[in-house]
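The values are calculated or read from the model by the stated rules, or taken from the named source; none is laboratory data. Given the structure is predicted, the values throughout are model-derived calculations rather than measurements. As a convention, Cβ positions derive from the backbone with ideal geometry for all residues, glycine included, and neighbour counts pool all protein chains shown.
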């Protein structure tokens, strides 16, 4: 064999051996996890006759057959707020789980099936790129999906802890890269704070929030009041009432601290600031507004608006330059609505952001961390980049992969 060729081959072998493929854990945002449900409803629970009362590990999100049958879907999917206990409660007799937790299956493509798999890709392109670089599902790339309707549970926290510890052990002590998209930004941060500095330093190589909805989004309020007819397989007139029964969406309502002095909504006779969001909802006859918001945010209150910086490198990716709802303009004064009624359509006032999350929310936390002069914090900003396109963009993915693969 030619000596030059032999030299090149040997050099490539040494180079490949020197690259450290840190295990990667992908945490999704709201609606970003495939969910299955098991139901066994007691006689006290009243369901429409057409709805199955007993089933096991039934795919429910996203399953087009399930979402078309809206009455059943809502009864299975929605939670209700108990104003006596101050807590959200799901209907008795149903439980949700993430199929193949720990594998990328539930965060890859959200409508599994031979005919539907390509309809709703999520982390799909990023997973493909990691696999092109030699990563293997369940070996050094993992999914940390969750029941995105709910707030982080102790069980999920423990499951993710076990997943990351197992990933590090499986990869000979190489620490993990934790990626969190959208609502997965604040949820991954909450997870890290629950673990504490010693654990983070031992098991986390790098923290990567992507399009993080740190301080919520006006679009969440838009969903809740008027619904949408795109991006989800449910018509707007059904989607809005359903969203009012999703605890995590109440968490994603905009936090006033990120929008000081700004106008959230106007009507002919009233101006609602972000500080008075509850007044807007109450004027529209929403029920138990203060209690629902308080319960949805209770886990994050002790975190003092993300005051503590994780003790590992933080690499945050955001998009901007897309028209993003920042305020709502109603043609007539807000009047009481039926609890499951859809509000009249409002004009959407646009500002900067990624099309979903306003720039004020995307940058609130990292701006504060960088300003403090503490920590190892990096922000990568991509112009004219949308919320979901960010995690599908080839250049963004290339950068994330390069960060995970240490020379």
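Does residue 8 satisfy the criteria of being surrounded by fewer than 17 Cβ atoms within 10 Å (Cβ to Cβ), at pLDDT below 90, within 30 Å of residue 179 (Cβ to Cβ) and more than 21 Å from the chain's Cα centre (by Cα)?
Considered against the rule, which asks whether it is surrounded by fewer than 17 Cβ atoms within 10 Å (Cβ to Cβ), at pLDDT below 90, within 30 Å of residue 179 (Cβ to Cβ) and more than 21 Å from the chain's Cα centre (by Cα), residue 8 comes out as no.
Just to verify a result, which residue in segment 179-209, among those that are in contact with a helix residue (DSSP H, G or I) (Cβ under 6 Å, 6 or more places away or on another chain) and buried (at least 24 other Cβ atoms within 10 Å of the Cβ), is farthest from residue 153 (Cα to Cα)?
Result: 209.
Quick check: is even one residue across segment 339-352 in contact with a strand residue (DSSP E or B) (Cβ under 8 Å, 6 or more places away or on another chain), part of a loop (DSSP other than H, G, I, E, B) and modelled with pLDDT of 95 or more?
Taking segment 339-352 and keeping what is in contact with a strand residue (DSSP E or B) (Cβ under 8 Å, 6 or more places away or on another chain), we get 346-352.
Those left that are additionally part of a loop (DSSP other than H, G, I, E, B): 346, 352.
Filter once more, so that each one left must be modelled with pLDDT of 95 or more: 352.
Yes, that holds for at least one residue.
Among the residues of segment 250-263, is there at least one that is surrounded by fewer than 17 Cβ atoms within 10 Å (Cβ to Cβ) and in contact with a strand residue (DSSP E or B) (Cβ under 6 Å, 6 or more places away or on another chain)?
Checked against the condition, which is being surrounded by fewer than 17 Cβ atoms within 10 Å (Cβ to Cβ) and in contact with a strand residue (DSSP E or B) (Cβ under 6 Å, 6 or more places away or on another chain), segment 250-263 yields at least one hit.
Examine segment 156-167 for a residue that is at pLDDT 95 or above, part of a loop (DSSP other than H, G, I, E, B), out of contact with any strand residue (DSSP E or B) (no Cβ under 6 Å at 6 or more places or on another chain) and closer than 19 Å to residue 31 by Cα, and state whether such a residue exists.
no
In this structure, does residue 213 turn out to be more than 23 Å from residue 402 (Cβ to Cβ), crowded, with 18+ Cβ neighbours inside 10 Å, without any contact (Cβ under 8 Å) to a residue 60 or more places away in the chain and under 13 Å from the mean Cα position of the chain (by Cα)?
No, not satisfied.
Looking at 189, 207 in this structure, which one is assigned to a helix (DSSP H, G or I), over 19 Å from residue 35 (Cα atoms) and touching a strand residue (DSSP E or B) at 6+ places or on another chain (Cβ under 9 Å)?
It is 189.
Any idea which residue in segment 235-281 is nearest to residue 216 (Cα to Cα), counting only those that are in a strand (DSSP E or B), in contact with a helix residue (DSSP H, G or I) (Cβ under 6 Å, 6 or more places away or on another chain) and touching a residue at least 24 places away in the same chain (Cβ under 8 Å)? So that I can check it myself, show each step before the final result.
As a first pass, look at segment 235-281 and keep what is in a strand (DSSP E or B): 263-266, 271-273.
Pick out the ones that are also in contact with a helix residue (DSSP H, G or I) (Cβ under 6 Å, 6 or more places away or on another chain) and you get 264-265, 272.
Pick out the ones that are also touching a residue at least 24 places away in the same chain (Cβ under 8 Å) and you get 264-265.
Numbers: 264: 13, 265: 16 Å.
Residue satisfying both the conditions and the ranking: 264.
In this structure, does residue 306 turn out to be on the phi > 0 side of the Ramachandran plot, surrounded by 14 or more Cβ atoms within 10 Å (Cβ to Cβ) and outside any helix (DSSP H, G or I)? Steps first, answer last, please.
On the way: on the phi > 0 side of the Ramachandran plot: yes; surrounded by 14 or more Cβ atoms within 10 Å (Cβ to Cβ): yes; outside any helix (DSSP H, G or I): yes.
So residue 306 passes the test.
I'd like to check something: does segment 51-68 contain any residue that is in a loop (DSSP other than H, G, I, E, B) and closer than 28 Å to residue 210 by Cβ?
Yes, segment 51-68 contains a residue that is in a loop (DSSP other than H, G, I, E, B) and closer than 28 Å to residue 210 by Cβ.
Could you list all residues from segment 168-186 that are more than 15 Å from residue 140 (Cβ to Cβ) and not in a helix (DSSP H, G or I)?
180, 181, 182, 183
Before we move on, is residue 312 touching a helix residue (DSSP H, G or I) at 6+ places or on another chain (Cβ under 9 Å) and either part of a strand (DSSP E or B) or modelled with pLDDT of 95 or more (or both)?
On the way: touching a helix residue (DSSP H, G or I) at 6+ places or on another chain (Cβ under 9 Å): yes; either part of a strand (DSSP E or B) or modelled with pLDDT of 95 or more (or both): yes.
The answer is yes for residue 312.
Could you please find all residues in segment 104-129 being outside any loop (DSSP other than H, G, I, E, B) and in contact (Cβ under 8 Å) with a residue 12 or more places away in the chain?
105, 106, 107, 108, 109, 121, 124, 125, 126, 127, 129
Considering only residues that are without any contact (Cβ under 8 Å) to a residue 12 or more places away in the chain and closer than 22 Å to residue 216 by Cα, look in segment 366-387 and name the one that is surrounded by the fewest Cβ atoms within 10 Å (Cβ to Cβ).
That would be 371.
Pull up segment 74-103, narrow it to residues that are at pLDDT 95 or above, touching a helix residue (DSSP H, G or I) at 6+ places or on another chain (Cβ under 7 Å) and assigned to a loop (DSSP other than H, G, I, E, B), then point me to the one that is surrounded by the most Cβ atoms within 10 Å (Cβ to Cβ).
Across segment 74-103, the extreme among qualifying residues is 98.
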